[in-house]
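Written below as structure tokens is the structure these notes are about.
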Amino acid sequence: MDEREKRLLSLLRERSYEERDVVLTSGKKSSYYIDGKQTTLHPEGATLTGELFYDKIRSFGVKVDAVGGPTLGADPIVTAIIIASYHHHDPIPGFIIRKEPKKHGTMQWIEGVKSLRPGASVVLVEDVMTTGGSLLKAVRVVKELGYTVALAGVLLDRLEGGGEALQAESVPFFSLFTIEDLKRG
């Protein structure tokens, strides 16, 4: 683990991890909660998140036309990645997937659709994953709109089946950290 990863993991522990009983988006009960946005909306956390996601995406060597994900967890991550890509002189446009299509105006699922050419190859991101439900819904939406999912990645995987669910859909997957990394320190 390099110094950037160590620092981001430290920020996740300090800002995002809480031991308390909660019901997760997946409906599962848990004795701990991870609010990734508390880290990804912090200046240092956002910078490190963008750089580490950008590096990880590029390490896969896949074609990437855009990066996006389901609102709200993906919003700051997408922004951080597109800024990091710009600083690397390798701009990757971003997009956000709504929870449901707009009910008025364009009636679109995606904000930032002008960044997506027909058949675009995209990377989907999320802050915290449990069962993978949010990312799986995002995979379905982008595929139905005619795009290809080249890769999916999360800031933190709770290791409760999400990675396996994405693999079952033939979506290559990575996490910057797991719950084991977070609890180890």
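The values are calculated or read from the model by the stated rules, or taken from the named source; none is laboratory data. Computed from a predicted model, the values in this text were never measured in an experiment. FYI the Cβ positions are ideal-geometry reconstructions off the backbone, even for glycines, and counts take in every protein chain you see.
Ile81 is checked against (1) of a type in the set (A, V, I, L, M); (2) under 15 Å from Leu151 (Cα atoms); (3) surrounded by fewer than 12 Cβ atoms within 10 Å (Cβ to Cβ) and fails just one. What number does that condition carry?
If we test Ile81 against (1) of a type in the set (A, V, I, L, M); (2) under 15 Å from Leu151 (Cα atoms); (3) surrounded by fewer than 12 Cβ atoms within 10 Å (Cβ to Cβ), just (3) comes out false.
Looking only at segment 126-146, count every residue that is farther than 24 Å from Tyr32 by Cα and either crowded, with 23+ Cβ neighbours inside 10 Å or among the aliphatic types (A, V, I, L, M) (or both) and tell me the total.
Number satisfying all stated conditions: 5.
Which one of the conditions (1) among the hydroxyl-bearing types (Ser, Thr, Tyr); (2) at pLDDT below 95; (3) farther than 26 Å from Glu144 by Cβ; (4) surrounded by 14 or more Cβ atoms within 10 Å (Cβ to Cβ) does Ser26 fail to meet, given that it meets all the rest?
That leaves (3) as the condition not met.
Can you list the strands (runs of 3 or more DSSP E) lying wholly within segment 14-113 that have 1 or more residues being of a type in the set (Phe, Trp, Tyr)? Write out each step before concluding.
On the way: elements: 17-23, 29-34, 66-70, 94-97.
The strands (runs of 3 or more DSSP E) meeting that bar are 17-23, 29-34, 94-97.
Scan segment 158-170 and give yes if some residue there is under 22 Å from Leu48 (Cα atoms) and not basic (Lys, Arg), otherwise no. Even if it seems obvious, please write down each step before you answer.
Taking segment 158-170 first, the residues under 22 Å from Leu48 (Cα atoms) are 158.
The next check asks that each one be not basic (Lys, Arg); those that pass are none.
No, the conditions are met nowhere in segment 158-170.
Restrict the check to segment 32-49 and report whether at least one residue is more than 18 Å from the chain's Cα centre (by Cα) and either surrounded by fewer than 17 Cβ atoms within 10 Å (Cβ to Cβ) or modelled with pLDDT of 95 or more (or both). Outline the logic, then answer.
Within segment 32-49, the first condition is being more than 18 Å from the chain's Cα centre (by Cα), and the residues that meet it are 32.
Cutting the leftovers down to either surrounded by fewer than 17 Cβ atoms within 10 Å (Cβ to Cβ) or modelled with pLDDT of 95 or more (or both) gives us 32.
The answer is yes, given that some residue of segment 32-49 is more than 18 Å from the chain's Cα centre (by Cα) and either surrounded by fewer than 17 Cβ atoms within 10 Å (Cβ to Cβ) or modelled with pLDDT of 95 or more (or both).
If you check every pair at least six apart or on different chains, which have Cβ atoms under 6 Å apart with a residue in segment 161-185 that is closer than 14 Å to Gly133 by Cβ first and a residue that is of a type in the set (Phe, Trp, Tyr) and at pLDDT 95 or above second?
Pairs found: Gly163/Phe173; Leu166/Phe173.
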